[in-house]
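What follows is a single structure, written as structure tokens, with notes after it.
Read the figures in this text as sums done on the coordinates, not as results from a lab. Source: prediction; values computed, not measured. Note that we place each Cβ from the backbone using ideal geometry, even for glycine, and neighbour counts take in every protein chain shown.
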Amino acid sequence: MIMATLHLFMALTLSPLLLGIINRTKALFAGRTGQPLLQLYYDLAKLLRKGAVYSRTTTWVFRAGPVIGLASVLMASALVPFGGRPSLLSFPGDFLVLACLLGLARFFTILAALDTGSSFEGMGASREAAFSALAEPALLLSLAAVALRSGRLSLSSMLVSPLAWGHLAPALWLVAAAVFVVLLAENARVPVDDPATHLELTMIHEVMVLDHSGPDLAFILYGAALKLWILGAVWVGIVAPFGGMNPWTGTLFALAAILGLAVFIGVIESLMARLRLSRIPPLLVGAGVCALLALLVARP
Amino acid sequence: MILQAIDTLVVLLILTNLLLLGTNRLNGCIRMIAFQGFLLGVLAIFLQTPGNPVHIFLLAAGSMILKGVVFPWLLSRALREAHVRREVDPFVGFTLSLIAGGAALAVAVSLGARLPLPEALGSTLVFPGALFMIFVGFFLIVSRRTALSQVLGYLVLENGIYLCGIALIHDEPVLIEMGVLLDVFVAVFIMGIMIFHIQREFDHIETDQLATLKDVEP
Amino acid sequence: MLALFGFPFWGGCTAFLLRTDRSRRILLLACAILHLFLTMAAWKVQLRPELNGWLALDTLGLLFLTLISLLFMAAALYAVGYLRRESHGRIKDFEEGVLFSNEPEAVFIGCLLFFLGTMTLVTLSQRFGLLWVAIEATTLSSAPLIYFHRHHRSLEAAWKYLLICSVGIALALLGSFFLVVAAQGTGGRTLIVQDMVQHAAHLRGPWLKAAFLLLLIGYGTKMGLAPLHTWLPDAHSEAPSVVSALLSGALLNCAFLGILRVVQVCVAAGLLSFVQGLLTGFGLLSMGVAAVFIVGQADYKRMLAYSSVEHMGIMALGVGLGGAGIFGALLQAVNHSLAKAMLFLTAGNILGVYKTKTVSGVRGALRVLPVSGALWVAGFLMITGSPPFGLFPSEFAILKAALDGGHGGVAAAYLLSLALIFIGMAGIFLRMAQGEAPSPRCPEPWWSILPPLLLGLGVLVLGLYVPPFLTAALQTISRTLGAP
């Protein structure tokens, strides 16, 4: 219980650091010094102090979008176990609730984007909807494979103790690859979306939040950082569950793992270019089929 | 240990098939076929009961060389002559092909679980993997436009049948394998020559435009 | 026996090496004569099985081998004159006016000899694996033959042929693997037909059924059973007439031989009704499809191709009906090969003079080419099963088997298809033969008349009198296929 609260606190405070690490890694690869590691904290503080500007064409949906998005992501972060200990909230079937909460956040972001009545946001919203529709089955199938292997239905039991994959090791790698692709897709990373692009025709996530400002933008940025932490924790839990050891050691190892994951994402962003938009659906469906294959292999 | 190796190899084979379904670069497809040939050779060594190791090694080496080196070389030569880089606009789009592949995978695994397989292979994944490869081969032949993709589909079909063969038959058929390899070699050779002629004759290698011969009067 | 199929391969390789056309044509004739001689000798002398039973000449194989030999002899005679007439260099295509050139003669004659060798291997092989290799080899060696006139239509036909037949034969390979699985655990050498027949009671049922289905579909593609026949009309109409004659007369029979070998095993294993149902279904479907496409056909070579589909359907139906039907189907195979080859060679004569493949472009063939015209009309009577030609007794035997077995519906469909085909062909053949002659009498070289004439006489003789050794051979074969 105490550990779970500590983990939640860590998620809430340390998630913006992940984005800082990614940006720093990319800068190092490019030969620059780059932004300070704590840049996102400064940005959030600055945005919270500012006032928000709302367009006359928007309705309550536009104001509600960021708030509901942040609320659902906060809820979801209470569901994910970390460092080999169960999470604050856990019950059978909570992985479905996780997917639904993330979906809810995404849904309200899309609605807020459509609410502005601008064609650019609409374009981003449609792309986001299409790609998430393809990424969600991948996530659910991967979690189903892990559930099948572990025999439990709660995230806190699936991702906690090391599973004896044994001769089914290929299934583990497939699941890890699929969840990693979903992670990249959900968090708008290269090769699915370039977070640094300024060309509206190539944006997906960026363009949806063009019109938000002030605290709303702060909520959105913070929610994105939390989502990265959540999916990262899920990935670390699948690949290297640290259950069965001293909780403090487990927490430390998991923290190191998630920071290492951030570095890895930074490396991938530096080495790869963004895929053409028409090649992203095959990538996502491919991840989904890999997850399906893992599910079929992991049948007892 | 061996079981894990076999499973890993079959999973890799299935992944190469998925890549074949989803990618539109013809050079990449040819490289996937080469990799498949190599994997099949290694798998052949693992799956055969060690009755005659020399025979098995020779066979596996022969098939690896033929499928991993010779065929891709022939096909890339044909590709270069045809000046084509990508498969544009197939009959069934790439995303839909991948979804169809996923469905076929599920069907293959359920079929494999239901059939009374001859002996305990240990791994329950080999036979469904072979069925899946056969499906992918057919699908590629039917849904792609370029003649080269159809030849690749034929090669995948033959690979799937070969995998079926080495999964089901453990104790001998040297001549069958040799005959299969020889025939596939000559087939690919002749098909490569045909592709060259098609390119020269028509200026493209899209077979859906080979439609002059038909029965309906215009 | 190794010599029997060995020397055509050797001859094929030599053909690539020879310099002059004349020496190549002499080689072709010499190989054909030698092959015929060896085949005739095989009727008298009982040959021992070789290669541990992989190669053996049983009655069924000998029957088909004789057909192949006779047809190849006729084709070789015709081909020599044909090649001499076909000019080298650029030729103007009469259908579309494009310029094209012919394949080098070395390739043509070399592939012809390879084709002969591989077909011989099909009849000799007693092991399913070797049979598969041989049938695939026939596909590969005949593809360049179709592409003789190098223009885009024949290229399209050759590509379709190669791809569709290769895919079908790949399925047959899977069926062969299933056969091995079905025979696992029983004694005897793997995949040898005789051994499988002997141990048939111990074969595993489901695997054998799956194997038969796959082999039927696979070799049925090669044989031209509907709905797998789509390569047939294109390939037969675009290839030169010599090649079409060989394809229709000899190659389809080889594929049929493959199917018959599996039927032998299945019958011995007790799957008679399963086998018969499938064969009857495919047979009727082929006949129906052929009938639909023959009526109103505008291209006479395509019409002949669809007629091949029809006759393959009749043969499958005959074996599927059992009893006297099997005897009829085998007699049909003999007569059809001779008749179809004759028709294709005659069509080649007509094509050479009239320079068009459409029915409406040919008129008065009886006046322009008297002998060929007469052969054409005689061929029409032959192929539709009129007495006194040989196809009548065989088709009648199949009808009798249908009625004896109580399959009234099958018999009705059979007669309906035959009637439709007769009507369709009558319109085409008679219209081509009669009418205004557009040009005066053309000379007919001896090489273009003699082969078809001899083949036609053969059919006529078989219609009037079946020699006893042939009857005995057919009855032996029928017994292995399930006739009582």
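Details
- With the convex hull drawn around the C-alpha atoms of the range A:24-145, the volume per residue stands at 185 Å³.
- In sequence order, calculated HN-Hα J values of the range A:246-263 (Karplus, 6.51, -1.76, 1.60; Hz; x Gly/Pro): 3, x, 5, 5, x, 4, 4, 4, 5, 4, 4, 5, 6, 5, x, 4, 4, 4
- Isotropically averaged projected area of the range B:2-204, using the convex hull of Cα atoms (one quarter of hull area), nm²: 10.6
- Rh by Kirkwood over Cα pairs, then Stokes-Einstein D for chain A at 1.567 mPa s and 4 °C, µm²/s: 66
- Likely footprinting exposure, A:M208, C:M119, A:M158, fewest C-beta neighbours within 10 Å first: A:M158, A:M208, C:M119
- Sorted by Cβ neighbour density within 10 Å, fewest at the top, the residues C:D195, C:D234: C:D195, C:D234
- Within a straight-line Cα-Cα reach of under 16 Å, C:K355 can be paired with the following lysines, leaving aside sequence neighbours fewer than 8 residues apart in one chain: C:K92, C:K301.
- Pairs of Cα atoms nearer than 8 Å and 6+ residues apart set the relative contact order; for chain C it is 15 percent.
- Taking every residue in B:193-199 and counting other chain Cβ atoms within 10 Å of its Cβ, the average works out to 3.
- √(5λ) per eigenvalue of the Cα gyration tensor, chain C, largest first, Å: 34, 26, 20
- Based on the Stokes-Einstein relation at 37 °C and a viscosity of 0.692 mPa s, and on the Kirkwood radius from alpha carbon pairs, the range C:282-484 is assigned a translational diffusion coefficient of 190 µm²/s.
- Compared with the alpha-carbon gap, the fully stretched path from A:A27 to A:R276 is longer by 87.3 nm at 0.36 nm per residue.
- In summary, the lysines within cross-link reach of C:K209, defined as a Cα separation below 25 angstrom excluding same-chain residues under 8 places away, comprise C:K222.
- Most to least packed among C:249-262, A:3-16 [average Cβ atoms within 10 Å]: C:249-262, A:3-16
- Relative contact order (%) - criterion: Cα under 8 Å, at least six apart; region: the range A:1-159: 25
- For the protein assembly as shown, a Kirkwood radius taken over Cα pairs fed into Stokes-Einstein (4 °C, viscosity 1.567 mPa s) yields D = 40 µm²/s.
- In a reduced charge model with +1 at each Lys and Arg Cβ and -1 at each Asp and Glu Cβ, the protein assembly as shown shows a dipole moment near 660 debye about its Cα centre.
- Fewest-first ranking of C:H202, C:H151, using other Cβ atoms within 10 Å as the exposure measure: C:H202, C:H151
- Residue-averaged [θ]222 nm for chain C, counting only DSSP H segments that reach four residues, each worth -39500 (n - 2.57): -25000 deg cm²/dmol
- Averaging the Cα positions of each part gives two centres, and for the range C:9-31 and the range B:85-111 these lie 49 Å apart.
- Distance from the alpha carbon centroid of the range A:209-245 to that of the range A:6-61 works out to 11 angstrom.
- Taken residue by residue and averaged, Cβ atoms of other chains lying within 10 Å of the Cβ of C:123-134 number 2.
- The distance separating the Cα centre of the range C:398-477 from that of the range C:296-368 comes to 8 Å.
- Across the options A:P81, A:L217, A:L140, the greatest Cα extent toward the positive end of the charge dipole of the range A:2-297 (unit charges at beta carbon of Lys, Arg, Asp, Glu) belongs to A:P81.
- Per principal axis, descending, Cα span of the range C:181-324 in whole Å: 55, 26, 25
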